[in-house]
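Novice: Encoded as structure tokens, here's the structure I'll be asking about.
The values are calculated or read from the model by the stated rules, or taken from the named source; none is laboratory data. Please read these numbers as outputs of a predicted model, since none were measured by experiment. With ideal geometry, Cβ positions are generated from the backbone for all residues, glycine too; neighbour counts draw on all protein chains shown.
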Amino acid sequence: MSLRDSLSFKGSVATQALRSQHILTVEFAEGYLDNSIDIKKFLEHVDYSIAVHFPLEDNFLIPIFRPFLKKYLDFEEPIRVISGEHQTIRRERQMLYRPNISESDDEVETTPDELFGKCGVIARTLLQHVYKEENGLFGLIDTYLPEPEKKEVSVKIEENIPLLEKNFRK
């Protein structure tokens, strides 16, 4: 069963634009893992997620929600997990064509099988990440973030999607 089939991807105005992007991420990640999407298209989507989706969460959604999470929970673990995964995915993408730590750049090139495996790790990490956001962080946001702040998040996200996409396409 597809992750897409098991999640509703429906939420408040604060998270809906991001949830719509999650649908595409699941399609690309699952498509890559079942060999229906080639590596180039998959990596283009990973790059889009890093350049557009992650900044929307890191710069708007999370900073606005953080004070409300602290008000209702004694810990920030949901935010730390999500932010940490953003960093992990960025790092995995940056390291994709680099040799293992014990090998120098001129000793070994990344083989197609190694590249396939590394991209598989990114795809699985993205799927787990979407699952955690859809079933964890976004539910908390939809429950605890007051309506005025939900609208503020939505406006900031909608204003910044075109700007981030324009920078991404340069």
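Novice: Which ones in the range 69-95 are more than 14 Å from the chain's Cα centre (by Cα) and surrounded by fewer than 16 Cβ atoms within 10 Å (Cβ to Cβ)?
Specialist: Hits for the range 69-95 are K70, K71, Y72, L73, D74, F75, E76, E77, Q94, M95.
Novice: Is it the case that G136 is surrounded by 12 or more Cβ atoms within 10 Å (Cβ to Cβ), among the small types (G, A, S) and without any contact (Cβ under 8 Å) to a residue 60 or more places away in the chain? Before the answer, list the steps.
Specialist: Details: surrounded by 12 or more Cβ atoms within 10 Å (Cβ to Cβ): yes; among the small types (G, A, S): yes; without any contact (Cβ under 8 Å) to a residue 60 or more places away in the chain: yes.
Judged against the criteria, G136 is a match.
Novice: Now a separate question. Look through the range 1-17, keep the residues that are of a type outside the set (A, V, I, L, M) and not in a loop (DSSP other than H, G, I, E, B), and return whichever of them is modelled with the highest pLDDT. Even if it seems obvious, please write down each step before you answer.
Specialist: Of the range 1-17, the ones of a type outside the set (A, V, I, L, M) are 2, 4-6, 8-12, 15-16.
Adding the requirement that they be not in a loop (DSSP other than H, G, I, E, B) leaves 4-6, 16.
Details: R4: 81, D5: 84, S6: 84, Q16: 95.
Taking the candidates together, the pick is Q16.
Novice: Still on this structure, please answer the following. Could you list, ordered by first residue, the pairs with Cβ atoms under 8 Å in which the first is in the range 33-61 and without any contact (Cβ under 8 Å) to a residue 60 or more places away in the chain and within 22 Å of T111 (Cα to Cα) and the second is of a type in the set (V, I, T) and surrounded by 15 or more Cβ atoms within 10 Å (Cβ to Cβ), at least 6 apart or interchain?
Specialist: Pairs found: H45/T25.
Novice: Also, I was wondering about something else. Going by what's in this entry, would A29 be described as among the small types (G, A, S), within 21 Å of R90 (Cα to Cα) and at pLDDT 95 or above? Can you show your working first?
Specialist: Values: among the small types (G, A, S): yes; within 21 Å of R90 (Cα to Cα): yes; at pLDDT 95 or above: yes.
Taking the combined requirement at face value, the residue satisfies it.
Novice: Taking the range 51-96, which residues are closer than 19 Å to L18 by Cβ and among the aliphatic types (A, V, I, L, M)?
Specialist: Listed by number, the residues that qualify are A51, V52, L56, L61, I62, I64, L69, I79, V81, I82, I89.
Novice: Pick out the one residue from F116, F42 that is of a type outside the set (A, V, I, L, M), farther than 26 Å from E147 by Cβ and within 18 Å of the chain's Cα centre (by Cα).
Specialist: Values: F116 fails: within 18 Å of the chain's Cα centre (by Cα).
Among F116, F42, only F42 is of a type outside the set (A, V, I, L, M), farther than 26 Å from E147 by Cβ and within 18 Å of the chain's Cα centre (by Cα).
Novice: Return the pairs, sorted by first residue and then second, in which the second residue is β-branched (V, I, T), the first residue lies in the range 145-159 and is touching a residue at least 40 places away in the same chain (Cβ under 8 Å), the beta carbons are less than 6 Å apart, and the residues are 6+ apart or on different chains.
Specialist: Listed pairs, sorted by first residue: E149/I64; K150/V13; V153/I64; S154/V13.
Novice: So, one more: What's the number of the only condition in (1) within 10 Å of the chain's Cα centre (by Cα); (2) free of Cβ contacts under 8 Å to residues at least 40 places away in the same chain that T25 fails to meet?
Specialist: With (1) within 10 Å of the chain's Cα centre (by Cα); (2) free of Cβ contacts under 8 Å to residues at least 40 places away in the same chain applied to T25, the lone miss is (2).
Novice: List the helices (runs of 4 or more DSSP H) that sit entirely inside the range 68-170 and contain at least 2 residues that are at pLDDT 95 or above and over 25 Å from H45 (Cβ atoms). Can you show your working first?
Specialist: Working: elements: 77-94, 112-132, 138-144, 147-169.
Per the criteria, 147-169.
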